[in-house]
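The values are calculated or read from the model by the stated rules, or taken from the named source; none is laboratory data. Source: prediction; values computed, not measured. Here Cβ is always computed from backbone atoms with ideal geometry, including for glycine, and neighbour counts include all displayed protein chains. Areas reflect the complete protein model, heavy atoms only, side chains present, ligands, DNA and RNA absent. Shrake-Rupley method; radii C 1.70, N 1.55, O 1.52, S 1.80 Å.
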Amino acid sequence: MIPASWEPRRRADGELVGYLVPAGDGVVATSLIGLALAGTASREAAIDLLDRSGLAALDRPYYARLPNPVPLGGVDAGTPAADWTWRRVVIVESSPTRVSIRPAMAYPEELRSLVVIEPPVTGTLREPHPEE
């Protein structure tokens, strides 16, 4: 679950685009799934970054440790098993309490399987591939 100390940032149209996370004398612009978009910055710079790139940060490839194949009905990827491998994933849905992903290159039997992670996803979702 997104920590209560994280300040939601909404664009002028009211759409949530990310969070401002206190960090020393500044803030960190953080995506809706809880990943930092940059280092510590001024409040104004972090707001500008979220307004420009907050939602776009959800539309990029990430990697998560998943079973291969993901079983019908999905799994909780927050606690991966030792035999799960890093797979490229896409974000399907995001809320302050749940992030749903699926394999980017899904097997036919995985197309209806969603994987759930509780945000913030730090350590669970990675970009780029962890072995690069």
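Kindly indicate which of D48, D76, D13 is open to solvent by 60 Å² or more (accessible area, probe 1.4 Å), at pLDDT 95 or above and of a type in the set (D, E, K, R).
Working: D76 fails: at pLDDT 95 or above; D13 fails: at pLDDT 95 or above.
The match here is D48.
Tell me which of these M1 doesn't satisfy, since it passes every other one: (1) open to solvent by less than 40 Å² (accessible area, probe 1.4 Å); (2) within 23 Å of L114 (Cβ to Cβ); (3) not basic (K, R).
The failed condition is (1).
Here's a check for you: in segment 71-118, which residue that is of a type in the set (D, E, K, R) and either touching a Gly at 6+ places or on another chain (Cβ under 8 Å) or touching a residue at least 24 places away in the same chain (Cβ under 8 Å) (or both) is farthest from A57 (Cα to Cα)?
First, pick out the residues of segment 71-118 that are of a type in the set (D, E, K, R): 76, 83, 87-88, 93, 98, 102, 109-110, 112, 118.
Applying the additional criterion that residues be either touching a Gly at 6+ places or on another chain (Cβ under 8 Å) or touching a residue at least 24 places away in the same chain (Cβ under 8 Å) (or both) yields 76, 87-88, 102, 109-110, 112, 118.
On the way: D76: 22, R87: 18, R88: 15, R102: 16, E109: 28, E110: 24, R112: 24, E118: 17 Å.
Taking the candidates together, the pick is E109.
G24: farther than 22 Å from V99 by Cβ and without any contact (Cβ under 8 Å) to a residue 24 or more places away in the chain, yes or no? Step through it out loud before you land on a result.
Values: farther than 22 Å from V99 by Cβ: yes; without any contact (Cβ under 8 Å) to a residue 24 or more places away in the chain: yes.
For G24, the condition - farther than 22 Å from V99 by Cβ and without any contact (Cβ under 8 Å) to a residue 24 or more places away in the chain - is met.
Give the residue that is surrounded by the most Cβ atoms within 10 Å (Cβ to Cβ), with candidates limited to residues of segment 33-45 that are under 17 Å from V121 (Cβ atoms) and not small (G, A, S).
I33
Here is a check on your reading of the model: is T30 in contact (Cβ under 8 Å) with a residue 40 or more places away in the chain, within 20 Å of E118 (Cβ to Cβ), crowded, with 20+ Cβ neighbours inside 10 Å and of a type in the set (V, I, T)?
Working: in contact (Cβ under 8 Å) with a residue 40 or more places away in the chain: yes; within 20 Å of E118 (Cβ to Cβ): yes; crowded, with 20+ Cβ neighbours inside 10 Å: yes; of a type in the set (V, I, T): yes.
It is true that T30 is in contact (Cβ under 8 Å) with a residue 40 or more places away in the chain, within 20 Å of E118 (Cβ to Cβ), crowded, with 20+ Cβ neighbours inside 10 Å and of a type in the set (V, I, T).
Return the residues of segment 112-132 that are open to solvent by 100 Å² or more (accessible area, probe 1.4 Å) and either among the aliphatic types (A, V, I, L, M) or at pLDDT 90 or above (or both); say none if nothing qualifies.
Within segment 112-132, E118 is the sole residue that qualifies.
Out of the residues in segment 33-50 that are in a loop (DSSP other than H, G, I, E, B) and either of a type in the set (F, W, Y) or without any contact (Cβ under 8 Å) to a residue 40 or more places away in the chain (or both), state the one that is nearest to I91 (Cα to Cα).
Let us first name the residues in segment 33-50 that are in a loop (DSSP other than H, G, I, E, B), namely 33-35, 37-40, 42.
Now drop any that are not either of a type in the set (F, W, Y) or without any contact (Cβ under 8 Å) to a residue 40 or more places away in the chain (or both), which leaves 37-40, 42.
Numbers: L37: 16, A38: 20, G39: 23, T40: 25, S42: 28 Å.
Across segment 33-50, the extreme among qualifying residues is L37.
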